[in-house]
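What follows is one structure encoded as structure tokens, with my remarks underneath.
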Amino acid sequence: MAPSATTPTARSGIAVDANGERLIPASTRADGSAWKARGAGGVPGAETVSPTLGTAAATKNARRKEARKKAAAKDGKDEGDTRQVKADVKQTEAKPAEVEEPLDPETAKAKEARKLSKKLRQARELKDKKTQGSALLPEQFEKVIRINELIRQLEHLGFDEDGEKKAQP
């Protein structure tokens, strides 16, 4: 029912009919379509989301599903019986990362020396901060105290304070 000239209309478009009932007009969207007529297409003018993009869980589930299909096709099983395939998929996913081959003793020593020289460098930087008057946290102060211990460990490995290999006499 359209509001007549005698029925008052509010600024918002709400009209009052002859019985005193308020009539709220149907809303229309900026593109002219009504809300109920929007359909399942989403917002007009917006890009649709690609179905290939998804969360990590969705991607993982898709990979599992694809693995089940491949296994069923390879074995000739019907897709309804996927218990064995699921177990196979879990076993392949549960494989640990490849273990690094053990390093030779010289490489392991050099690696340890690099770690120790980095710690020593950081401890010396903290010591310089302290001499400049900066306050150190307890953890930082412990690092400064360990400077001599780090130097001893480097010497034990055959490296000098800078992490360079000592010349053998």
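The values are calculated or read from the model by the stated rules, or taken from the named source; none is laboratory data. The structure presented is a predicted model; accordingly, all values stated were derived computationally and were not measured. A quick note on method: Cβ atoms are made from the backbone with ideal geometry, for glycine too, and the neighbour counts reach across all protein chains shown. Quick note on the areas: whole protein, heavy atoms, side chains included, nothing else; ligands and nucleic acids left out. Shrake-Rupley method; radii C 1.70, N 1.55, O 1.52, S 1.80 Å.
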When LYS74 is run through (1) of a type outside the set (A, V, I, L, M); (2) modelled with pLDDT under 80; (3) under 30 Å from LYS60 (Cβ atoms); (4) loosely packed, with under 13 Cβ neighbours inside 10 Å, the failure sits at (2)
Residues of the range 10-36 being open to solvent by 70 Å² or more (accessible area, probe 1.4 Å), of a type in the set (Val, Ile, Thr) and at pLDDT 70 or above, in sequence order, are ILE24
